[in-house]
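In what follows, a structure is listed as structure tokens, so that the remarks can point back to it.
Every number in this text was worked out from the coordinates using simple rules, so none of it is lab data. Values in this document were obtained by computation on a predicted structure and should not be read as measured data. Glycine also receives a Cβ, built like all others from the backbone with ideal geometry; neighbour counts cover every protein chain displayed.
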């Protein structure tokens, strides 16, 4: 019985070493169109032009929007603010955030005082005014 066991063990070791000895090594070559690189660069350019803002208040009455803006400036001095008129509403916008993560962090801070605040991307014509 021990001779059979020894033969099985030796045969197993032989098979393991034999399979590793004949293992194949290879390289993979990826051929891709140069237009893929151009598209990636184009996408990167588009993403760098994206900005985010947070809207904290909206009203049809300009006085209320002005009041909300002043209240915000007292509590939070670090972010630029503006009132934008979009018929029929006056909207209080906060910040100019370069990426969504930065805007998310700011929104988390503001949610304590402005529960209806939300992040948005201003339209292209607004971005040009910045």
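Summary value for the stretch 51-129: 44 percent relative contact order, contacts being C-alpha pairs under 8 angstrom separated by 6+ residues.
Sorted from fewest to most neighbouring beta carbons within 10 Å, what does the list 77, 105 look like?
Working: 77 8, 105 11.
Result, fewest neighbours first: 77, 105.
Calculated on C-alpha atoms, the gyration radius of the stretch 51-129 divided by its Kirkwood radius gives an Rg/Rh of 0.94.
Rounded to the nearest 0.05, the FRET efficiency derived from the C-beta distance between residue 109 and residue 49 at R0 = 22 Å is 0.30.
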